[in-house]
Amino acid sequence: MNKLAFFRIFIIVKMAVVFFLQLTIFERCHRGNWTDETNIKWELLIKKQAAKYRQTALRLEGLLIKLGQFLSTRADVMPKAFLDELEDLIDRVPAVPWEEAQTVMEQEWNAPVESVAAEIDRQPVASASIGQVYKARLYTGELIAVKVQRPDIDRIIAVDFKAVRIVMKLAKRFTKFGKQTDMLALYREMTSVIGAELDFRRELENGLYFKKRYESFSDVDIPGYNRDYSTKKVLVMDWVEAARITDISFLERNGIDRQDLAVRLTNMFLEQLLQEGKFHADPHPGNILVKADGTIVLIDFGMTGRVPNEDAVHIRTLIEGILIEDYDQVIKGLEGLRFLLPHADKERMKRVIRAMIDAYTAQSFMQLDDFAIGQLLDEVQQIVKKEPVQLPAEFAFLGRAVSTFIGLLHILDPNIDLMEVGRKPVMDWLGKHAGKTSPKQILVQSLRPLLSFPQKFLSVLDEPRLFREQRDAQQKRNEAERDVLKGRRDALLFMAVTFPGVAAVPFVHHEAIVYGGPVLFMLSVFFYIRAIRAHKRFIA
């Protein structure tokens, strides 16, 4: 039943529609009245939805498990409470029986399993949404890991994509997130990246790419791959004796320094993100291992992304703008990376980014007081709600990779200072690229401290004006809201006054009451509804 196309589509679409309705109704019922108690109720609703999603994903398997990982790139779609409930989906996918996996291997190899492997364990060492892994030994004595695709998984994934397309169309039509996001581009990116995992020959090529890329890294290892026995649905690689990088007891037994491991891991990951080329898009603890000697092992390259050369340039522009505190350059970098749409309020964005960075680094000349912090948070909230800020679809897997990786680092070292740990590799990268620029650009980079001072000084001088602008705008907003509330109160009062005239119509014959009472009542209802709609602008 679970493999029937109509049944799968119905279950997935129905679950999504129920989720949309629950969230919409909850938000409307609590609009303008969000308290600590409301937040508790919200968390309970999210956890309930997450439990339902996990139950359905484990029941249907297929794309729902991968989709949960994909949606974790967007905090506005999948809240943290939801993600916490989905953490164990990676490891709890039920394995298919040995006989079914054996059939796939023999069809792909066109030979009995015994003719390829001298020994093979019939219990998989790992089971995921698309494939499962068996430990085996070749006749040459080499230990290997055999990754086998689940039977019919390509057809199941294709059906699930149809269901997801329907869900995205509904989201585009009925949800705020759907209207603000290029859902078609998001769908294309998802089908491209996740769909690529169905061809193990791509994973083979990705694995060989990363093995060559890291051959000069003494503390990073990539397993070798066997081309002769690898096919579209079976992947054969070297067996590696290692533990999950988050296996704290293993680290302690082998005397591996967790802080040092976190630093080395950060250097490795930043090398992928800051240089143009491919990056590992699924760096969860099951795909990053550690040997007893502390060597980091990367596996499972089915899901990879790419940082194009032009995007690497824009990333450099963004980072340099932050370092020299040139917020025009920061905005330029964000625009180049397609995070800002053309009609965004750039001055407002610059003001908020500057205030956020100053507050984070605690290097501003003027310390933020409670009122200023409140103004800043309100400004950020308004930008998130109303400004055309987006995460381009092609960065979705990059966002997921970064968030997953940061979570992993905090498991290794809960007190890690990411800014401090990441500073050296970032500066090394900028220095390497500076060598390719003109002498004039190198001179500008060497004068960063002097260049940043006038901008910082001017921003301090400009602070009173910005404060006055914010204060005046808030006063105008408050006055406008008071006028709307007064109009709503008057309309409600007029409804109460005219309603007795409507109630008296069946009992009197005076024309003024028979015709005038209902008309006045309807007019008061009209003005009351209009006042309610006008007030929504202030609480949205």
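The values are calculated or read from the model by the stated rules, or taken from the named source; none is laboratory data. Worth saying up front: this structure is predicted, and the values here are computed from it rather than measured. Cβ: placed from backbone, ideal geometry, glycine included. Neighbour counts: every protein chain shown. Surface accessibility is based on the protein's heavy atoms, side chains included, excluding ligands, DNA and RNA. Shrake-Rupley method; radii C 1.70, N 1.55, O 1.52, S 1.80 Å.
Within the stretch 118-128, can you find the residues that are modelled with pLDDT of 90 or more and either open to solvent by less than 10 Å² (accessible area, probe 1.4 Å) or under 26 Å from Gly195 (Cβ atoms) (or both)?
The initial filter retains those residues of the stretch 118-128 that are modelled with pLDDT of 90 or more, namely 118-125.
Selection gives Pro124, Val125.
When every residue of the stretch 69-86 is checked against the conditions, none turns out to be within 21 Å of Ala401 (Cβ to Cβ) and modelled with pLDDT of 80 or more. Which of the residues belonging to the stretch 15-37 are assigned to a helix (DSSP H, G or I), exposed (fewer than 13 other Cβ atoms within 10 Å of the Cβ) and not hydrophobic (A, V, I, L, M, F, W, C)? Residues satisfying the conditions are Glu27, Arg28, Asp36, Glu37.
Restricting attention to the stretch 301-336 and to residues that are among the β-branched types (Val, Ile, Thr) and free of Cβ contacts under 8 Å to residues at least 40 places away in the same chain, the residue that is surrounded by the fewest Cβ atoms within 10 Å (Cβ to Cβ) turns out to be Val313.
Could you please find all residues in the stretch 403-419 being out of contact with any Lys or Arg (no Cβ under 6 Å at 6 or more places or on another chain) and either over 20 Å from Gly286 (Cβ atoms) or open to solvent by less than 50 Å² (accessible area, probe 1.4 Å) (or both)? Write out each step before concluding.
Keep residues of the stretch 403-419 that are out of contact with any Lys or Arg (no Cβ under 6 Å at 6 or more places or on another chain), which gives 403-411, 414-419.
Passing the criteria: Thr404, Phe405, Gly407, Leu408, Leu409, Pro414, Asn415, Ile416, Asp417, Leu418, Met419.
State whether the residues of the stretch 151-172 include one that is open to solvent by less than 50 Å² (accessible area, probe 1.4 Å), more than 22 Å from the chain's Cα centre (by Cα) and of a type outside the set (A, V, I, L, M, F, W, C). Yes, the stretch 151-172 has at least one match. Pairs linking a residue in the stretch 20-41 that is touching a residue at least 60 places away in the same chain (Cβ under 8 Å) to a residue that is in a helix (DSSP H, G or I) and open to solvent by 100 Å² or more (accessible area, probe 1.4 Å), with Cβ atoms under 8 Å and 6 or more positions apart or on different chains, are Phe20/Phe174; Thr24/Phe174. Only one of the numbered conditions (1) part of a loop (DSSP other than H, G, I, E, B); (2) under 28 Å from Ile9 (Cβ atoms) is violated by Pro124, and that is (2). Go through the stretch 149-159 and give me each residue that's in a loop (DSSP other than H, G, I, E, B) and in contact with a strand residue (DSSP E or B) (Cβ under 9 Å, 6 or more places away or on another chain). Once the filter is applied, which keeps residues that are in a loop (DSSP other than H, G, I, E, B) and in contact with a strand residue (DSSP E or B) (Cβ under 9 Å, 6 or more places away or on another chain), the stretch 149-159 yields only Arg150.
Which of the helices (runs of 4 or more DSSP H) contained wholly in the stretch 307-418 include at least 2 residues that are at pLDDT 70 or above? Let's see the steps before the verdict.
Working: elements: 309-323, 327-336, 346-361, 370-386, 396-412.
It comes to 309-323, 327-336, 346-361, 396-412.
Just to be sure before I move on: is Asn267 at pLDDT 80 or above, within 16 Å of Thr404 (Cα to Cα) and touching a Pro at 6+ places or on another chain (Cβ under 6 Å) in the structure I sent? Yes, satisfied.
If you check Lys48 against the conditions, is it modelled with pLDDT of 85 or more, over 27 Å from Leu398 (Cα atoms) and in contact with a His (Cβ under 9 Å, 6 or more places away or on another chain)? Outline the logic, then answer.
Working: modelled with pLDDT of 85 or more: yes; over 27 Å from Leu398 (Cα atoms): yes; in contact with a His (Cβ under 9 Å, 6 or more places away or on another chain): no.
So Lys48 does not fit the description; no.
Of the conditions (1) surrounded by 20 or more Cβ atoms within 10 Å (Cβ to Cβ); (2) in a helix (DSSP H, G or I), Ser192 satisfies every one except a single condition; which number is it? Of everything listed in (1) surrounded by 20 or more Cβ atoms within 10 Å (Cβ to Cβ); (2) in a helix (DSSP H, G or I), Ser192 misses just condition (1). Scanning the stretch 129-148 for residues that are crowded, with 22+ Cβ neighbours inside 10 Å and not in a strand (DSSP E or B) yields a count of 2. Applying a threshold of 9 Å to beta carbon distances and a minimum spacing of six or more residues, or different chains, the list of pairs starting in the stretch 47-64 at a residue that is open to solvent by 50 Å² or more (accessible area, probe 1.4 Å) and ending at one that is polar (S, T, N, Q) reads Lys48/Gln22; Arg59/Asn2.
Looking for something within 12 Å of Phe405 (Cα to Cα), open to solvent by less than 20 Å² (accessible area, probe 1.4 Å), of a type outside the set (A, V, I, L, M, F, W, C) and touching a residue at least 40 places away in the same chain (Cβ under 8 Å) - is there at least one such residue anywhere in the stretch 291-300?
From the stretch 291-300, those within 12 Å of Phe405 (Cα to Cα) are none; that's our starting set.
So far as the stretch 291-300 goes, no, none of its residues is within 12 Å of Phe405 (Cα to Cα), open to solvent by less than 20 Å² (accessible area, probe 1.4 Å), of a type outside the set (A, V, I, L, M, F, W, C) and touching a residue at least 40 places away in the same chain (Cβ under 8 Å).
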